[in-house]
Amino acid sequence: MSGYQGPMRVLSGIQPSGGMHLGNYLGAIRKFVDLQHEYECYYCVVDMHAITTWQDPAKLRDQTFHIAASYLAAGVDPKVATIFHQSGVRAHAELAWIFNCVARLGWLDRMTQFKDKAGKDKERASVGLYTYPVLQAADILVYKATHVPVGEDQKQHLELSRDIAAKFNHDFKALDFLPLPEPLIKGPGARIMSLRDGTAKMSKSDPSENACVFLTDEPDVIARKIKKAKTDPNPLPEAAAGLAVRPEAANLVGIYAALSGKSDDEVLAEFGGQGFGVFKPALADLVVEKIAPIGAELKRLEADPDFLQGVLADGAERAAAIADPTIAKVKEIVGFLV
């Protein structure tokens with residue numbers, strides 16, 4: 001954070017582009033619940049990021065409510081943390097344009113996520129998809145967030161945010177005006193993999209219906225997906241070192257560890273030497289125990305969109321109270337009339 005002396009803040013967000021799943025919960029939302037008691041937290045539904053690829057407008061609204069409901073159902077308290085939708089705070093877009101003029105083309109050319117998402121047809125990708133990480137930097141820095149809970153796949157984007165903040169501070173001689181945000185990566189369940197391929201991240205877009213456990217799945221569906229998860233024919237090892245070349249086994253042990261609050265070695269002290277015929281039912285029971293109540297509460301909340309609209313509107317107002325003074329000062333620093 002260099003010499004920045006402001007309050008410790010956390011900013012994070014999830015795109016409203018599909019159903020929330022076990023990977024989202026363990027990799028992000030559960031951490032949001034814990035962090036709200038340690039930092040001043042701002043949790044965003046990043047609907048502006050979502051439209052970098054085509055979204056059906058009606059579905060986008062429903063998905064925005066779905067993400068908000070997921071936060072609440074998992075235990076994020078809107079009286080403690082600020083829950084809002086990105087497009088509800090105009091300072092995000094204003095700061096993103098200014099940062100577009102600070103960031104350099106070569107920096108964006110090195111962003112691997114654009115290459116992955118655009119694929120071979122990058123000429124048809126939206127400009128928004130290309131400048132996505134600049135908007136992400138604006139999301140973070142408009143709140144002067146000092147910490148960002150990110151997965152390894154987003155670490156490069158956070159580095160860009162740090163580069164933009166440092167260049168802005170330097171170019172405009174605004175020493176330590178913007179913090180250099182730090183990543184919060186550590187913790188169990190940081191990367192949950194597909195139940196059908198232990199080398200691929202769990203994704204709602206996976207073609208196999210058994211690859212992903214959604215928070216809204218019924219208990220019997222959750223149990224079936226866990227029991228059908230891909231494994232190998234060998235029993236579980238006695239220690240975590242034995243999982244190194246067994247990605248599917250490592251994923252299932254990691255899920256059990258994350259949900260039970262144990263280490264991989266502690267899980268294997270209980271199940272090591274046993275086959276998946278013993279371990280999978282135990283894992284299925286644990287996933288149902290932890291996830292089914294969240295799914296039931298999520299569905300209850302989604303049935304009350306007026307309530308969710310109120311939560312998001314209140315959150316956007318509170319978020320704007322922090323973001324608006326930041327963008328006003330940025331405009332003054334760059335020489336705009338204010």
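Derivation of every value follows stated rules applied to the coordinates shown; laboratory data play no part. The model shown is predicted, which means the values in this text are computed figures rather than measured ones. Ideal geometry is used to build each Cβ from the backbone, glycine not excepted, and the neighbour counts take in all protein chains shown.
Observations on the structure shown:
- Theoretical FRET efficiency, 1/(1+(r/R0)^6), r = Cβ-Cβ of residue 59 and residue 37, R0 22 Å, to 0.05: 0.05
- Per residue, the Cα convex hull of the stretch 1-61 amounts to 118 Å³.
- Antiparallel bridges, percent of DSSP beta bridges restricted to the chain (to nearest 5): 10
- Amide hydrogen neighbours beyond the local backbone of residue 201, cut-off 5 Å, H modeled: 194
- The eigenvalues of the Cα gyration tensor, multiplied by 5 and square-rooted, give the stretch 219-299 an equivalent ellipsoid with semi-axes of 23, 13, 10 Å from largest to smallest.
- At R0 = 30 Å, FRET efficiency that the Cβ-Cβ distance of residue 201 and residue 282 yields, to 0.05: 0.80
- With helices as the sole contributors, the chain gives -15500 deg cm²/dmol at 222 nm; each DSSP H run of n ≥ 4 counts as -39500 (n - 2.57), and the sum is divided by every residue.
- Förster radius 30 Å - calculated FRET efficiency between residue 163 and residue 317 (Cβ-Cβ, nearest 0.05): 0.45
- Nitroxide proxy distance, nm - points 7 Å out along Cα→Cβ at residue 172 and residue 77: 3.6
- Taking a ≥ b ≥ c as the square roots of the eigenvalues of the Cα gyration tensor, the stretch 56-181 is oblate, since a/c reaches 1.5 or more and a/b is not larger than b/c.
- Here the spin labels are modelled as points 7 Å beyond Cα on the Cα-Cβ line, and at residue 304 and residue 125 they lie 4.2 nm apart.
- Counting only lysines at least 8 places from residue 115 when in the same chain, those with an alpha carbon closer than 25 Å to its own are 155, 167, 201, 204.
- GNM flexibility winner over the chain from 196, 318, 124 (Cα, springs under 10 Å): 124
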